[in-house]
1. Determine which single condition residue 226 fails, assuming it passes every other condition in (1) within 22 Å of residue 144 (Cα to Cα); (2) β-branched (Val, Ile, Thr); (3) modelled with pLDDT of 95 or more.
2. Those residues that are surrounded by fewer than 18 Cβ atoms within 10 Å (Cβ to Cβ) and in a helix (DSSP H, G or I), I need them from region 80-118; list them, please.
3. Out of the residues in region 132-149 meeting the condition of being of a type in the set (Phe, Trp, Tyr) and part of a strand (DSSP E or B), tell me which one is nearest to residue 178 (Cα to Cα).
4. Just checking, does region 177-196 include any residue being more than 20 Å from residue 115 (Cα to Cα), in contact (Cβ under 8 Å) with a residue 60 or more places away in the chain, surrounded by 17 or more Cβ atoms within 10 Å (Cβ to Cβ) and more than 16 Å from the chain's Cα centre (by Cα)?
5. Among the residues of region 235-253, write down those that are more than 24 Å from residue 93 (Cβ to Cβ), more than 20 Å from the chain's Cα centre (by Cα) and touching a residue at least 24 places away in the same chain (Cβ under 8 Å).
6. Starting from region 64-87, take each residue that is within 18 Å of residue 44 (Cα to Cα) and list its partners that are of a type in the set (D, E, K, R), counting only C-beta distances under 6 angstrom and pairs at least six apart or across chains.
7. Being β-branched (Val, Ile, Thr) and either in a strand (DSSP E or B) or touching a Phe, Trp or Tyr at 6+ places or on another chain (Cβ under 6 Å) (or both) is the requirement here; does residue 129 meet it?
Amino acid sequence: MEDITSNFEASLPLEHYKEVLKNDVRPDGRDLGKFRKMTINVGSISTADGSALVQMGNTMVVCGVKGELTKPPASKPDCGIIVPNVDLSPMCAAHFKPGPPSEQAQVASQLLNDIIKTCDVINLDELCIFKDKLVWVLYCDVVCLSYDGNLNDACIMALVAALESTTLPKIKYNEENDVIETLADPEQRSKLIVRKRLVSSTFVLFDSTHLIADPTLKEEEMTSGVVTIVTDDQGKLCHLHRPGGFPLRDKQLEKCIKAATRNGQKLHSLLQQFQ
């Protein structure tokens, strides 16, 4: 019987998935709305100014934050810069190829950038050292080590946790001589202030009726779209990412938001330990 089931799944994965969902249970044993357990480890990269490793099932990402000094853009002379980038290499999954960033990596990078800019995660004014002369630029590199679906939630959590752990050296700037002095004493490093701690919950829609939380890679391949809901530590909706405009009824979206709020409470309790 087990061999027949395995052959059915291999030859007709979509039909097999439909049969499994009739009992409202997924192939890995989770209920449709259940998220995989998430673990976080901060400070895992000693050479970075901040870092975090996040694992959800077989999806694992690491984020490293590195601060560099630069001249601010003329349009925002008193604001620092945050540059997120997501790397999906063949090391994390066979379907990713070497070379330029894939479309999925670009979309994930843009999502992180949009969240940082629109959700007031960091006060960019606080990254300014001297107006029109010197600011911090924070390069936030998110590398996927193992990919088994739901990249968005893992990347957002890794980015926020890494920023929470970031400290920057204090800088003295002499405008007259244009001399920059970096204070090397680790006791004089400044902790980056994260103004709004964000987490996200991702759902996919299968067969226009089944909402699946925290999809695996196989589930992503069989579903019609994805919606990622970002909430803050007050349970407020901060961002909604829904690429492609796939059909989703108002009641389904409302159900996703309620589930995201509940899941967000659990995720915030994980982040709380790193304050």
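1. So the condition that residue 226 fails would be (3).
2. 103, 104, 106, 107, 110, 113, 114, 117, 118
3. 136
4. No - not one qualifying residue is present in region 177-196.
5. Listed by number, the residues that qualify are 247, 248, 252, 253.
6. Final answer for the pair search is 64/141; 65/49; 66/49; 67/49.
7. Yes.
Here's the yes/no breakdown for (1) modelled with pLDDT of 95 or more; (2) closer than 13 Å to residue 139 by Cβ; (3) out of contact with any strand residue (DSSP E or B) (no Cβ under 9 Å at 6 or more places or on another chain):
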{"residue": "22", "(1), (2), (3)": "no, no, yes"}
{"residue": "34", "(1), (2), (3)": "yes, no, no"}
{"residue": "62", "(1), (2), (3)": "yes, no, no"}
{"residue": "91", "(1), (2), (3)": "no, no, no"}
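The values are calculated or read from the model by the stated rules, or taken from the named source; none is laboratory data. Because the structure is predicted, anything quoted here is derived from the model rather than measured. Cβ coordinates were reconstructed from backbone atoms using ideal geometry, including for glycine residues, and neighbour counts include every protein chain displayed.
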